[in-house]
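Here the structure comes first, spelled out in structure tokens, and everything after it is commentary.
The values are calculated or read from the model by the stated rules, or taken from the named source; none is laboratory data. Because the structure is predicted, anything quoted here is derived from the model rather than measured. No Cβ is skipped: glycine too gets one built from the backbone with ideal geometry, and neighbour counts run over all protein chains shown. Calculation scope for accessible area: heavy atoms of the full protein, side chains included, ligands and nucleic acids excluded. Shrake-Rupley method; radii C 1.70, N 1.55, O 1.52, S 1.80 Å.
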Amino acid sequence: MENSKKILIELVNVYKEYRVSEISTLALKNVNFKVYEGDLVAIMGPSGSGKTTLLNMLGLLDRPTSGKILFEDKDTSKLSDKELALLRNIKLGFVFQIFNLVNRLTVFENIELPLIPRAVPRSLRAEMVKEALLKAGGELEWLKKKPNQLSGGQQQRVAIARAIVGNPPIVLADEPTGNLDRASAKIIIETFLNLNRKGHSVIVVTHDPEVANCMRNIYVIRDGAIMGAYEPNPSESLISKMM
Amino acid sequence: MSFYTLFFDFIRLSLKALSERRARAILTIVGIAIGPLVLVMMSSVVSSYSDYIVERVTSLGQNAIAVFPMENYKIDGEDLDFIRSLPEIARAEPFFSTQGILKRGTEEIKVSIFAIDYTLLFEAIGSLKISEGDVPSGLLYSIVGRKVSFRDGGEQYFALNDILTLTIPKIESGKITGRKNINVYVGAILEEYGGALIVDPDSTVFLSPEAGKKLLGMKDWSGIFILVHDPSFVRSVVSTLRSKYENKLQVIAFSAIAEAISSVTDAIGFINFSTSLSAFAVAVAGVAATMITSVMERTREIGVMKAIGYTSIQILTLILLESIVMSLIGASLGISLGTVGAHMLSSRGLTIGGVGLTLQLAPKITPTLILQTLSLTVMIGLLGGALPAYRASRIPPIVALRYE
Ligand SMILES: Nc1ncnc2c1ncn2[C@@H]1O[C@H](COP(=O)(O)OP(=O)(O)O)[C@@H](O)[C@H]1O
Ligand SMILES: [Mg+2]
């Protein structure tokens, strides 16, 4: 069944080594990983295991030390930084642990941000921004506010709206609930499940098992290597537990 | 279409970024404004005065030369004949000149008295025009300057055919032995000439040479006024005369004076320009410091923008736009203040020592000056923003996912 689905991103024998002066860290060791259309995946692992590094690779934010990243069957090592930026803009949406909203801009302007580099006409933007915010579980009266006038959970919903405003097929989230209370975390996870139902592939990096158990597949990473795929246990999920 | 969308969005983002750190941006803008302020203020004032002075001097005739006897020398007919015999020379006429006091009701004013062939006078000073009367022919008829016949307030005191009583030095056998009064009629009144430098027609009483000799009682010529056929001959005539009359005659070419003034004002202009350049250099450093701080503070934000699809060139453009916007605001501020300053500076007037002439001229704020200043100031933005913008463009997108 999964084999009939389209592969969006494929990591082939990916190694990533960080070098800071003399010290080198092998953050990814021979990682092979596929992201399919419609995926709802959790990547779990302890702190320092290489989750963020893996997400950097999937999100085309960094280049591997060796190995290949195929994006829709294209070898990305041959793409320029500019072409990678375009792919990120159109195909990928990012959600961060600390939201990473720009506080001097309004919520509207924050969500609009990814539409600017590809010069989406202003006339289309208002609709796209509103649609994204509603899809992310936000409320339209936030649009005129500044992010710091909102709660953490609300800010994360704005961040999700920013990630999906261009309607990218893939949404990548790095510890999206790491800075939130349980109630807000639950809302965020439900938002991701919703997005997945609407056709986005969702990859969530987390070290929180209750978050991971909400996903359809769980991959565990340890010391830079993927240890295997696990079935989630829905009864131990954030969604089943609360309220 | 899409270019404009992009352009205006980028400008908007830049303005938002600047307004977030308003105090810092304003201080930087003030720093930027100093260069254009100084440049506009000084250049416009210096060039208005220097242009005026050069224009006045050159109006005396590009082909005019005056010779004056040095001490212990008397010009005679032989000298005049020699000068007239030179092939380059169109005309050469001797003149008498002295100072006198004119009674004008209760007031007494100082006037110059200049006895010279009237036709030569008008030929040499092209812009000299008669407003009342005609060039007189009678011995006792003079041509008077505007300030002679009119009071400072503007009302006319002497009309045509009125009699002027001038007190002049009495000269006996080459020495001043006292004073005497002479009376002449007003035969013509000149239009206002404006301040002049070597001769001031406005406060001069012009007489014919015969009248000069007879009324003034001067035996010796005060000098010879020479017109050459073409301005290009001035140099050779001057050097011929200087070598022949080395210690006897002082030879002055008006075009040479204009050249000297131009070169002095060019030097002032250059000094002013280089002074402003140092202000510009300081501004570049200021912009660079401000922008590099701003970029460092926004490392994460820039990383996020990269992650969501902004290219390095776009980030570079955004940061560069911020510094260019600051420099444009600084330029407008500096140019406006410079314009105000220039008017204030020039309204004080400039008194030229010796000639006793006070000029009050509007500063010369030309489109060229504005454009030059503007482009220099935009250069500040480009230069000061270059390194910070480059640094920003190199921030890797992975910093968006780095938390400490
Ligand atoms: N930019 C970097 N430079 C040097 N070492 C890094 C860098 N990013 C991550 N690392 C190291 O790589 C390893 C994996 O890090 P990371 O992918 O951030 O793990 P996780 O997200 O699972 O906590 C860690 O040992 C970390 O210290
Ligand atoms: Mg991490």
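Any residue that is away from ligand 2 (no atom under 16 Å from the Cβ) and closer than 23 Å to B:Gln314 by Cβ - is there at least one of those in the range A:45-66?
Yes; the residues of the range A:45-66 include at least one that is away from ligand 2 (no atom under 16 Å from the Cβ) and closer than 23 Å to B:Gln314 by Cβ.
Any residue that is assigned to a helix (DSSP H, G or I) and free of Cβ contacts under 8 Å to residues at least 60 places away in the same chain - is there at least one of those in the range B:129-144?
No, that holds for no residue.
Does B:Val304 count as closer than 21 Å to A:Glu109 by Cα and within 16 Å of ligand 2 (Cβ to nearest atom)?
yes
Working only within the range A:15-44, note down all residues that are closer than 17 Å to A:Glu72 by Cβ and either within 15 Å of ligand 1 (Cβ to nearest atom) or within 14 Å of another protein chain (Cβ to nearest Cβ) (or both).
Once the filter is applied, which keeps residues that are closer than 17 Å to A:Glu72 by Cβ and either within 15 Å of ligand 1 (Cβ to nearest atom) or within 14 Å of another protein chain (Cβ to nearest Cβ) (or both), the range A:15-44 yields only A:Phe33.
With the requirement that a residue be assigned to a strand (DSSP E or B) and open to solvent by less than 40 Å² (accessible area, probe 1.4 Å), what does the range B:240-265 give you?
Hits for the range B:240-265 are B:Leu249, B:Val251, B:Ala253.
Please enumerate the residues belonging to the range A:63-83 that are more than 17 Å from A:Ile226 (Cβ to Cβ), within 16 Å of ligand 1 (Cβ to nearest atom) and open to solvent by less than 40 Å² (accessible area, probe 1.4 Å).
Scanning the range A:63-83 gives no hits.
Just to be sure I understand the filter: pairs with C-beta atoms under 7 Å, separated by 6 or more residues or on different chains, first member in the range A:48-64 and without any contact (Cβ under 8 Å) to a residue 60 or more places away in the chain and farther than 18 Å from B:Gly303 by Cβ, second member among the basic types (Lys, Arg) and within 10 Å of ligand 1 (Cβ to nearest atom). Which pairs pass?
Once the first residue is without any contact (Cβ under 8 Å) to a residue 60 or more places away in the chain and farther than 18 Å from B:Gly303 by Cβ and sits in the range A:48-64, its partners that are among the basic types (Lys, Arg) and within 10 Å of ligand 1 (Cβ to nearest atom) give A:Pro64/A:Lys16.
Taking the criterion of being within 16 Å of ligand 1 (Cβ to nearest atom) and either within 20 Å of the chain's Cα centre (by Cα) or within 23 Å of A:Lys16 (Cα to Cα) (or both), would at least one residue in the range A:105-119 satisfy it?
no
Open to solvent by less than 40 Å² (accessible area, probe 1.4 Å) and either among the hydrophobic types (A, V, I, L, M, F, W, C) or away from ligand 2 (no atom under 16 Å from the Cβ) (or both): is that true of A:Leu86 in this structure?
So A:Leu86 does not fit the description; no.
Which number in (1) away from ligand 1 (no atom under 11 Å from the Cβ); (2) within 15 Å of A:Asp174 (Cα to Cα) marks the one condition that A:Val12 misses?
For A:Val12, the exception is condition (2).
Exactly one of these conditions fails for B:Ile268: (1) at pLDDT below 85; (2) surrounded by fewer than 21 Cβ atoms within 10 Å (Cβ to Cβ); (3) assigned by TED's automatic domain parsing to the domain that holds B:Ser85. Give me its number.
Against the list (1) at pLDDT below 85; (2) surrounded by fewer than 21 Cβ atoms within 10 Å (Cβ to Cβ); (3) assigned by TED's automatic domain parsing to the domain that holds B:Ser85, B:Ile268 comes up short only on (3).
For the range A:210-242, give me each residue that is surrounded by fewer than 17 Cβ atoms within 10 Å (Cβ to Cβ) and among the charged types (D, E, K, R).
Matches in the range A:210-242: A:Arg216, A:Arg222, A:Asp223, A:Glu231, A:Glu236, A:Lys241.
In the set B:Asp162, B:Asp200, which member is in the same structural domain as B:Leu120 (by TED's automatic domain parsing) and under 17 Å from B:Leu120 (Cα atoms)?
B:Asp200 is the lone residue from the list that is in the same structural domain as B:Leu120 (by TED's automatic domain parsing) and under 17 Å from B:Leu120 (Cα atoms).
Name the single residue, out of those in the range B:295-317 being more than 8 Å from chain A (Cβ to nearest Cβ) and touching a helix residue (DSSP H, G or I) at 6+ places or on another chain (Cβ under 7 Å), that is surrounded by the fewest Cβ atoms within 10 Å (Cβ to Cβ).
B:Thr299
What is the one condition in (1) modelled with pLDDT of 95 or more; (2) within 12 Å of another protein chain (Cβ to nearest Cβ); (3) open to solvent by 10 Å² or more (accessible area, probe 1.4 Å) that A:Lys130 does not satisfy?
All conditions pass for A:Lys130, except number (2).
Give all pairs with beta carbons closer than 6 Å in which a residue from the range A:171-190 that is under 16 Å from A:Leu58 (Cα atoms) meets a residue that is part of a loop (DSSP other than H, G, I, E, B) and at pLDDT 90 or above; count only pairs at least 6 apart in sequence or on separate chains.
Close Cβ pairs satisfying both conditions: A:Val171/A:His200; A:Leu172/A:Gly59; A:Asp174/A:Phe96; A:Asp174/A:Gln97; A:Glu175/A:Gln97.
Going through the range B:271-290 one residue at a time, which ones are open to solvent by 60 Å² or more (accessible area, probe 1.4 Å) and not small (Gly, Ala, Ser)?
Passing the criteria: B:Ile271, B:Phe273, B:Thr275, B:Leu277, B:Val282.
If I filter the range B:1-18 for residues that are farther than 30 Å from B:Thr290 by Cα and within 14 Å of another protein chain (Cβ to nearest Cβ), do I get at least one hit? Let's see the steps before the verdict.
Within the range B:1-18, the first condition is being farther than 30 Å from B:Thr290 by Cα, and the residues that meet it are B:1-2.
Next, from what is left, pick out any that are within 14 Å of another protein chain (Cβ to nearest Cβ): B:1-2.
Taking every residue of the range B:1-18 in turn, at least one turns out to be farther than 30 Å from B:Thr290 by Cα and within 14 Å of another protein chain (Cβ to nearest Cβ).
Sort out which residues of the range A:27-44 are within 16 Å of ligand 2 (Cβ to nearest atom) and open to solvent by 20 Å² or more (accessible area, probe 1.4 Å), and write them in order of number.
Once the filter is applied, which keeps residues that are within 16 Å of ligand 2 (Cβ to nearest atom) and open to solvent by 20 Å² or more (accessible area, probe 1.4 Å), the range A:27-44 yields only A:Met44.
Which residues, taken from the range A:98-112, are open to solvent by less than 50 Å² (accessible area, probe 1.4 Å) and over 22 Å from A:Asn194 (Cβ atoms)?
If the condition is that a residue be open to solvent by less than 50 Å² (accessible area, probe 1.4 Å) and over 22 Å from A:Asn194 (Cβ atoms), then A:Val102, A:Arg104, A:Leu105, A:Thr106, A:Glu109 are the ones that fit.
Those residues that are more than 16 Å from ligand 2 (Cβ to nearest atom) and within 14 Å of chain B (Cβ to nearest Cβ), I need them from the range A:186-237; list them, please.
none
Please determine, by comparing only the residues of the range A:45-62 that are surrounded by fewer than 18 Cβ atoms within 10 Å (Cβ to Cβ) and over 16 Å from A:Gly228 (Cβ atoms), which one is farthest from the other protein chains (Cβ to nearest Cβ).
A:Gly48
May I ask you to verify whether B:Gly341 is open to solvent by less than 50 Å² (accessible area, probe 1.4 Å), touching a residue at least 60 places away in the same chain (Cβ under 8 Å) and under 30 Å from B:Val54 (Cβ atoms)? Talk me through it step by step, then tell me what you get.
Numbers: open to solvent by less than 50 Å² (accessible area, probe 1.4 Å): yes; touching a residue at least 60 places away in the same chain (Cβ under 8 Å): yes; under 30 Å from B:Val54 (Cβ atoms): yes.
Spelling it out, B:Gly341 is indeed open to solvent by less than 50 Å² (accessible area, probe 1.4 Å), touching a residue at least 60 places away in the same chain (Cβ under 8 Å) and under 30 Å from B:Val54 (Cβ atoms).
Within the range B:379-401, restricting attention to residues that are not in a helix (DSSP H, G or I) and not basic (Lys, Arg), which residue is nearest to ligand 2 (Cβ to nearest atom)? Steps first, please.
Of the residues in the range B:379-401, the ones not in a helix (DSSP H, G or I) are B:394-396.
Next, only the ones that are not basic (Lys, Arg) stay: B:395-396.
Working: B:Ile395: 19, B:Pro396: 16 Å.
By that ranking, first place goes to B:Pro396.
Take B:Ile75 and tell me if it is open to solvent by less than 40 Å² (accessible area, probe 1.4 Å) and outside the structural domain of B:Pro363 (by TED's automatic domain parsing).
So B:Ile75 fits the description; yes.
If a residue counts only when it is closer than 18 Å to B:Val237 by Cα, which helices (runs of 4 or more DSSP H) contained entirely in the range B:1-110 have at least 2 such residues?
B:77-85
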